[in-house]
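Below is one structure, written out as structure tokens; comments come after it.
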Amino acid sequence: MTHGNLFIGKMHFFVVFTYLVVHGLCWVSEKCFLYEDYVDFGSVTACPKSNLTGHCQNISNVIMDLFRVPSKVEALCLDFVKGSSVQSKSLSRFKNLQYLGIFGEMPDILPGAFKNLSRLQTLFFDCLRPSTFSLSSEVLSDLQNLRTLIIITCKVSKMGVDVFRGLMKLEQLIITDNTDDFSELLCRLTLVSSTLKELTVEIPKTTLGHPKCTFTNGTSFVVKQFSFEHINLNFLHVTVLDKTALKYFQKLSSLAIGWKEFNALRAEMKKVDFLLLTSMHSLHQLESVCKAASKLLTTRLTVSFFDITDYFLPNLENCSMLLHFEIRSVNFQHESLNFTLIGALRNLITLTVVEWKVSEKHIKNILALCENQQVIATKLHSVFIISSKIRNISCKQFSCLRELEDLTWRNSEIEYIEDFSFTNNVFVKFLDLSWNKISNLTAYTFFGLLNLETLLLTHNHLIVLEELTFMHLKSIKDLQLGLFQYQSIESSHVQINLSFIFGIFPENLTYLYMKSGIRPIILILGKDSKPIADLHLHVIGQSVTFHDCEGPLFESLAQLTVETDRMLCGQSFPARFLKSLKHLEITLQHKTTQMDLTDLNQLVHLKSLVLKNVDLSLQPSLNVIFHNLSSLEFLRFSSCWIPLLDNDLSRDLQSLKLLYLNIDNAYSVTESFLEPLHNLRYLVMENPLLHCSCENVWMTEWAKYQQHVQVFLSWCSVEKLPCKSADETKLLSKYVQDHCVLDVEFLFFVCSLVGILFFMLVVLLHQLAGEYLLVFFHIARGWLEEATRANKGGHYSFDVFVSYCGRDERWVVDELLPNLEQRGPPFLRLCLHSRDFQPGKAIVENITDSLYRSRYTLCLVSRNYLRSNWCSVEMRLATYRLLAEHKDILVLVFLETIPSDLISVHHRLARLMKTKTYIDWPQDPAQRNAFWDKLWTKLAPEPAT
């Protein structure tokens with residue numbers, strides 16, 4: 001380690017130590033993300049909400065990694081790394097814990113690991129992959145009040161045979177097992193507590209054999225009859241070795257199994273409430289299923305067919321006791337089932353038909369539920385149909401279903417709905433007709449649906465909406481319209497008049513969705529519309545134009561979601577009309593779109609703002625977009641571009657509680673950005689990528705040691721925070737170690753922070769800061785000479801000090817000198833380091849003397865210049881003089897085009913470009929005379945008066 005790096009390491013230690021002494025230890029662990037129940041972090045973590053929830057990742061040592069997690073946490077999810085363990089009493093301080101999830105590479109859980117967790121109600125193990133995870137009853141016996149145990153993808157058969165014995169109050173056990181023999185699980189279930197009420201077992205692949213149970217001491221025992229209140233068994237692929245394997249389950253709440261395997265086992269079963277049978281091949285089998293279901297007192301039946309080749313109308317009289325019936329098809333190339341057979345199911349409440357595509361010759365008989373049948377299926381409350389080859393809906397399908405409440409008919413080929421089809425369905429509250437081919441809707445399509453609350457028509461190509469199409473929907477709350485499309489390509493836009501299709505706008509409507517695809521959409525709101533409380537409007541189109549924005553409907557809008565490339569009221573962004581808007585989400589369809597979002601700063605009541613796929617670097621007034629948003633509490637950038645986060649953006653966001661950053665480019669965050677965010681509680685940085693810059697170092701220190709904000713770095717630790725340099729991506733911590741040195745501003749900060757260690761500070765300054773003190777000496781001397789020069793009438797040795805990289809000297813000799821020094825009168829005197837520096841002087845002293853003895857400083861900026869350390873020193877000293885003298889003495893000339901992301905890394909140059917005009921060296925020779933005229937005029941001394 002170099003002497004300089006050693007000093008930096010020492011200074012880092014003393015800074016951190018003093019900070020902790022002054023502010024106290026931070027309670028936030030960098031491996032844990034803590035949040036409260038009012039915050040929705042569904043996209044970040046699946047850990048359940050509680051008054052205080054913690055999700056910790058990359059856990060290897062529970063005590064150390066959770067040291068700063070507060071003991072009052074109520075839900076805790078732990079993602080372990082391979083080779084970790086949970087030691088005795090390592091979780092004992094979390095006495096309020098009610099939920100504990102253990103995920104990833106399963107740790108070695110030692111006895112006593114769950115000591116003192118007397119309030120724990122739910123324990124969740126997820127091995128993520130088949131695992132030989134070991135668990136003994138001695139470990140779980142400490143959880144005397146555990147109510148729910150969930151084990152996912154762990155080999156229960158590899159655990160102790162008495163693993164569940166110690167759970168004296170267990171009520172719910174859920175297992176997704178990978179055991180090769182189901183009998184291994186039966187042995188362990190025999191020793192479970194009698195308090196168990198619900199057992200759910202799902203095994204992807206296993207065998208059903210005769211159980212042979214023995215304790216660890218070799219003593220054998222027999223499997224008992226299971227009388228739990230709810231038993232759910234799901235076998236995806238099972239091999240039956242013992243036909244009596246399920247005799248221990250006399251009463252099953254649900255059983256999912258193949259038809260062949262069910263036939264082998266059913267003799268031993270007494271009752272199955274819900275029966276799901278797969279791999280059926282013939283409609284003839286339905287009659288056998290109904291007979292078996294009748295004997296088992298089944299009320300809910302699901303059958304899944306494969307490769308049906310017959311057309312048969314089975315007798316379903318034995319299924320008359322069914323309340324719920326679902327029929328599925330795996331292969332689409334089969335003959336059809338005539339659904340008039342449903343007439344036999346007199347007690348049916350719900351009917352589900354999934355993936356059933358019928359042949360053309362039988363289509364007229366399909367799903368004519370009420371044709372020539374006046375009293376069938378009158379108790380049906382819910383009908384759910386997916387992928388049936390029906391083109392028209394008419395009253396014959398549903399006229400007899402007078403108690404129908406929910407109707408879903410999706411993913412079919414419905415093209416037309418006859419008028420008055422739903423006249424007799426006045427109790428329907430939910431109607432889903434999405435993913436069909438409906439194109440025309442009339443004023444009587446939905447006649448009679450007075451109680452309808454939800455209507456879904458998405459993914460239909462709507463061509464014609466007659467006047468007052470939705471007039472009869474008096475109770476509608478959620479209306480989602482399909483893709484508006486016109487047959488003529490001459491129609492350049494889609495126009496929707498809400499007064500035309502509604503008449504009187506529904507007073508209970510809370511969500512309205514409409515889409516025009518790749519075409520512009522014009523939405524006429526109506527001047528006479530009434531204000532609607534809590535209305536959410538969701539519009540998708542190539543451009544979205546609102547009319548009647550001054551009306552009460554638009555002004556009362558509470559939530560607006562737009563997916564477009566342009567949103568207008570008249571010719572401007574509609575923010576000034578949205579006086580009540582609290583939630584806004586804008587998604588640009590193309591990131592290169594330049595929609596001016598400046599007027600967002602007029603939404604003074606906004607609570608949440610989401611921007612997706614927006615390139616904020618294209619905004620003409622990025623520095624003022626978020627001004628005045630003093631009520632904003634949630635701000636999310638998703639797949640956005642933004643070069644720099646500074647306090648121009650955050651100035652007025654004092655109410656912000658959650659900031660979500662998903663930024664596609666490398667960016668920088670200034671320390672001043674977070675200063676106005678007094679109420680910030682959560683900062684989520686998904687896939688963070690900062691610029692490799694020493695000015696971003698503060699971010700890592702802040703994330704580690706501040707006490708008030710939860711920082712989530714999308715599954716990477718602070719030490720592994722990536723950064724982007726000009727040619728590669730690396731770790732920011734490594735970049736800091738290799739490139740960052742102590743600068744003057746940081747030195748002043750350290751001096752004020754560790755003033756109590758004055759003696760040590762003086763010693764350290766003597767070791768390293770001599771060069772900087774010399775710089776200050778020359779700056780002070782320059783100021784003194786400037787003051788003296790002003791008193792004596794002013795005299796400079798040179799007109800221009802030229803700051804350039806040695807690799808650009810050929811341009812200086814061939815272009816600069818002939819066009820400035822040899823042009824006159826008056827003739828300019830240029831100061832070049834290769835020609836005019838005094839031999840024997842220190843470089844910093846030469847630079848300072850020459851800079852203050854020249855009237856102007858000319859910086860020739862190129863890629864070589866940005867890579868030069870001495871050029872960086874020259875620009876730094878020139879800016880110090882600029883700040884001290886308050887004169888226009890600094891001129892920037894760019895010799896080549898430099899990308900903005902490369903300039904943004906050099907923040908001193910980037911700030912100068914914002915405040916000073918710079919000149920580009922023209923690549924076109926015809927423009928170079930004008931360039932030299934402009935530059936010579938700027939640098940030439942004023943004529944004497």
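The values are calculated or read from the model by the stated rules, or taken from the named source; none is laboratory data. Please read these numbers as outputs of a predicted model, since none were measured by experiment. When we count neighbours, we look across all protein chains shown, and the Cβ atoms used for this are built from the backbone with ideal geometry, even at glycine. When the accessible area is computed, the model is the full protein with side chains, heavy atoms only, and any ligands, DNA or RNA have been set aside. Shrake-Rupley method; radii C 1.70, N 1.55, O 1.52, S 1.80 Å.
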With the condition kept exactly as written, say whether any residue in the range 452-467 is under 30 Å from Ala344 (Cβ atoms), open to solvent by 10 Å² or more (accessible area, probe 1.4 Å) and either touching a Lys or Arg at 6+ places or on another chain (Cβ under 8 Å) or hydrophobic (A, V, I, L, M, F, W, C) (or both).
no
One residue from Leu167, Leu66, Leu135 being on the phi < 0 side of the Ramachandran plot, more than 36 Å from the chain's Cα centre (by Cα) and open to solvent by less than 30 Å² (accessible area, probe 1.4 Å)
Leu167
Taking the range 709-740 on its own, how many of its residues are farther than 18 Å from Leu661 by Cα, part of a loop (DSSP other than H, G, I, E, B) and either modelled with pLDDT under 85 or of a type in the set (D, E, K, R) (or both)?
4
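Could you look through the range 619-633, keep only residues that are open to solvent by less than 60 Å² (accessible area, probe 1.4 Å) and not hydroxyl-bearing (Ser, Thr, Tyr), and pick out the one that is nearest to Leu584 (Cα to Cα)? First the steps, then the outcome.
Of the range 619-633, the ones open to solvent by less than 60 Å² (accessible area, probe 1.4 Å) are 619, 621-622, 624-627, 629-632.
Filter once more, so that each one left must be not hydroxyl-bearing (Ser, Thr, Tyr): 619, 622, 624-627, 629, 632.
Values: Gln619: 18, Leu622: 18, Val624: 18, Ile625: 14, Phe626: 13, His627: 16, Leu629: 12, Leu632: 11 Å.
Only one residue fits best here, namely Leu632.
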Test result for Asp177, open to solvent by 10 Å² or more (accessible area, probe 1.4 Å), charged (D, E, K, R) and at pLDDT below 90:
no
For the range 395-427, which residues satisfy the criterion of being aliphatic (A, V, I, L, M), assigned to a loop (DSSP other than H, G, I, E, B) and surrounded by fewer than 22 Cβ atoms within 10 Å (Cβ to Cβ)?
Ile414, Val426
Does Leu123 satisfy being at pLDDT 95 or above and either within 18 Å of Glu171 (Cβ to Cβ) or loosely packed, with under 15 Cβ neighbours inside 10 Å (or both)?
yes
Close pairs from the range 678-706: first closer than 13 Å to Ile663 by Cβ, partner among the small types (Gly, Ala, Ser) and part of a strand (DSSP E or B), Cβ under 9 Å, at least 6 apart:
Glu686/Ser638; Leu690/Ser668; His691/Ser668
For the range 92-112, state whether one or more residues are touching a helix residue (DSSP H, G or I) at 6+ places or on another chain (Cβ under 7 Å) and modelled with pLDDT under 95.
yes
The range 515-534 residues that are within 11 Å of Cys549 (Cα to Cα), paired with ones that are assigned to a loop (DSSP other than H, G, I, E, B) and of a type in the set (Val, Ile, Thr) (beta carbon under 7 Å, 6 or more apart):
none
What's the number of the condition Lys437 fails, among (1) open to solvent by 30 Å² or more (accessible area, probe 1.4 Å); (2) at pLDDT 95 or above?
(2)
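Here is a yes/no grid of residues against (1) among the hydroxyl-bearing types (Ser, Thr, Tyr); (2) open to solvent by 50 Å² or more (accessible area, probe 1.4 Å); (3) under 27 Å from the mean Cα position of the chain (by Cα):
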position: Lys474; (1), (2), (3): no, yes, no
position: Leu483; (1), (2), (3): no, no, yes
position: Gln495; (1), (2), (3): no, yes, no
position: Ile521; (1), (2), (3): no, no, no
position: Asp528; (1), (2), (3): no, yes, no
position: Asp534; (1), (2), (3): no, yes, yes
position: Val539; (1), (2), (3): no, no, yes
position: Asp548; (1), (2), (3): no, no, no
Please find, among Leu609, Leu568, the residue that is among the hydrophobic types (A, V, I, L, M, F, W, C) and either open to solvent by 40 Å² or more (accessible area, probe 1.4 Å) or over 23 Å from Thr510 (Cβ atoms) (or both).
Leu568
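With among the charged types (D, E, K, R) and open to solvent by less than 20 Å² (accessible area, probe 1.4 Å) as the only criterion, which of Arg881, Arg908 stands out? Spell out the reasoning first.
On the way: Arg908 fails: open to solvent by less than 20 Å² (accessible area, probe 1.4 Å).
Sole residue among the options that is among the charged types (D, E, K, R) and open to solvent by less than 20 Å² (accessible area, probe 1.4 Å): Arg881.
Matching residues to (1) assigned to a strand (DSSP E or B); (2) at pLDDT 80 or above:
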| site | (1), (2) |
| --- | --- |
| Ser279 | yes, yes |
| Val289 | no, yes |
| Ala293 | no, yes |
| Leu301 | yes, yes |
| Leu337 | no, no |
| Val353 | yes, yes |
| Lys361 | no, no |
Out of all the residues in the range 228-260, which are modelled with pLDDT of 90 or more, under 12 Å from Leu276 (Cβ atoms) and not hydroxyl-bearing (Ser, Thr, Tyr)?
Asn232, Leu233, Asn234, Phe235, Leu252, Leu255, Ala256, Ile257, Gly258, Trp259
Find all pairs meeting these conditions: Cβ atoms under 9 angstrom apart; at least six residues apart or on different chains; first residue within the range 102-121 and part of a strand (DSSP E or B); second residue among the charged types (D, E, K, R) and surrounded by fewer than 17 Cβ atoms within 10 Å (Cβ to Cβ).
Gly104/Lys82
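Considering Ile327, Ile342, Ile385, which residue is in a helix (DSSP H, G or I), modelled with pLDDT under 90 and within 25 Å of Asn425 (Cβ to Cβ)?
Numbers: Ile327 fails: in a helix (DSSP H, G or I); Ile385 fails: in a helix (DSSP H, G or I).
Only one candidate qualifies: Ile342.
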Name the helices (runs of 4 or more DSSP H) wholly within the range 833-935 that hold at least 2 residues that are in contact (Cβ under 8 Å) with a residue 12 or more places away in the chain and under 23 Å from Ser797 (Cα atoms)?
833-836, 843-852, 869-885
Regarding the range 198-217, can at least one residue be identified that is in contact with a helix residue (DSSP H, G or I) (Cβ under 7 Å, 6 or more places away or on another chain), part of a loop (DSSP other than H, G, I, E, B) and crowded, with 18+ Cβ neighbours inside 10 Å?
yes
Residues in the range 822-863 that are open to solvent by less than 50 Å² (accessible area, probe 1.4 Å) and within 18 Å of Leu892 (Cα to Cα): how many?
16
Failed criterion for Phe430 (all others in (1) under 26 Å from Cys370 (Cα atoms); (2) open to solvent by less than 40 Å² (accessible area, probe 1.4 Å); (3) not β-branched (Val, Ile, Thr) hold):
(2)
I'd like the residue in the range 125-154 that is among the small types (Gly, Ala, Ser) and not in a strand (DSSP E or B) and, out of all such residues, is nearest to Thr195 (Cα to Cα).
Ser141
Could you tell me whether Ser253 is touching a residue at least 12 places away in the same chain (Cβ under 8 Å) and either in a loop (DSSP other than H, G, I, E, B) or among the small types (Gly, Ala, Ser) (or both)?
yes
